[in-house]
Structures are given as C-alpha cells and as structure tokens.
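> The structure follows.
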C-alpha cells in the first residue's frame, strides 16, 4: 500500500476512534450520573469514580479537532467563500488559489513550530492534568502534530492543484468505501415505476 494511503487510513482511524470513544464515554458518564440518583444503585455508583471522564472527553475532542482539520483540508470539506475568486480570469484564479493554499501551509507550520516549542518547554516540568494526572505535554502534543499534518495537507493539495488545476471536492452523497453501481439510477427508476404501477392498480 502507498505510504500516503497508509497515512490517510491512520488519520481516518484516529479521528473515528476518538469520536466513538468520546461519545461512548459521555454516554457512560450520563448514565452513571443518572443512576447515582437512584437509591438502590447509589452504593454501586459511588464506588465508581468518573470524575475524570469530562476532562478526558475534552482532550479527545481537542485531538479530534486538530487532526479533523487536516482531514478537512485533504477532502475539501472546509467552508470557504469563493465568490470573488470565481469572478477572476482562470489564470489569476489559479494563482490566487495557490497563494491561499501556501498561506495556509505557512500559517500551520508557524503554529506547529510554536506549539512544538511550548511542548518542549513542558517536558522538563512536572505539570500534570487536574483529574487524569497525566503529563500536560501529552495533551498539548496535539498542537504541533495536528498543525504539521495540516501543513502537509495544504502542500499536498497545492501540489495537486498546480498539476491538475483541481481542488478536492466533498460530495455529501458519497460514502467512503462504497462503490456506486453504474446501473443504480436505472434500477432506482425502474423500482419507482413498479411502485407507481402497483399503487395505481391497488387503488
């Protein structure tokens, strides 16, 4: 498998795992809080401490957001206002789009470098998170890693745009990993026609 494809899959797996884990953890925490109000279950729930759940969910969403932003650049799902850009002549439009992508790469590499310096400064300290009591630098590591990945995605899209003139486009009707049958439209039309005839004869 191509290295870029491996990176894509790892990115998707990480985001999906963080989202699923945070959702499950929130659900368990809510059920635990609700069960604590039931007299019969109170002795059991008080023995289970989930005070750390909220903090962990926040950190999971932070990591998910940083890597999700990089995924958004790769797939073209970020919201953009391109009304003015589309009014430009094709040659100027390409230059402006390429300039915007390179500015995005520059901004994210600056954020990543500043984040890396901040994390490096935390490594030698004893700072830990309030509830989980894990090293704080592990939490903030999402900033340089996510920003550098986002920078790479900007450069990847810029290189592809320079070669092909096409930007990644997100199709909300497409599901990753599902291949649409070439006869899907015909089959759907035939099925609707059959339902229409069946409904008409029933009346």
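> How far apart, in nanometres, would the label points at residue 34 and residue 164 be if each is projected 7 angstrom from Cα along the Cα-to-Cβ direction?
Result for the modelled spin labels: 4.7 nm.
> In a GNM of the chain with a 10 Å cut-off on Cα contacts, which of 158, 16, 142 has the highest mean-square fluctuation?
16
> Using Cα springs under 10 Å in a Gaussian network model of the chain, which residue among 54, 127, 87 shows the largest mean-square fluctuation?
Residue with maximal mean-square fluctuation among 54, 127, 87: 87.
> 7 Å from Cα along Cα→Cβ at both residue 58 and residue 118: what's the point-to-point distance in nm?
Reported label-point gap for residue 58 and residue 118 is 1.4 nm.
> Follow-up question, since we're still on this one. In Å, what Rg and Dmax follow from the Cα atoms of the chain?
24.4, 79
> Expressed as a fraction of 2.2 N^0.38 Å, the rule-of-thumb size for a compact globular protein of N residues, what is the C-alpha radius of gyration of segment 29-143?
Relative to the 2.2 N^0.38 Å estimate, segment 29-143 comes out at 1.67.
> Averaging over all projection directions, find the projected area of the Cα convex hull of segment 83-143 and quote it in nm² with one decimal place.
Hull-based average projected area comes out at 5.8 nm².
> Here's a follow-up. Taking 0.36 nm per residue of separation and subtracting the Cα-Cα distance, what length does fully extending residue 26 through residue 5 add?
Computed gain between residue 26 and residue 5 is 4.4 nm.
FYI, it's all coordinate maths here, none of it is from the lab. Quick caveat: nothing in here was measured; it's all calculated off a predicted structure. Neighbour counts are summed over all protein chains in view; Cβ atoms, including those assigned to glycine, are modelled from backbone coordinates with ideal geometry.
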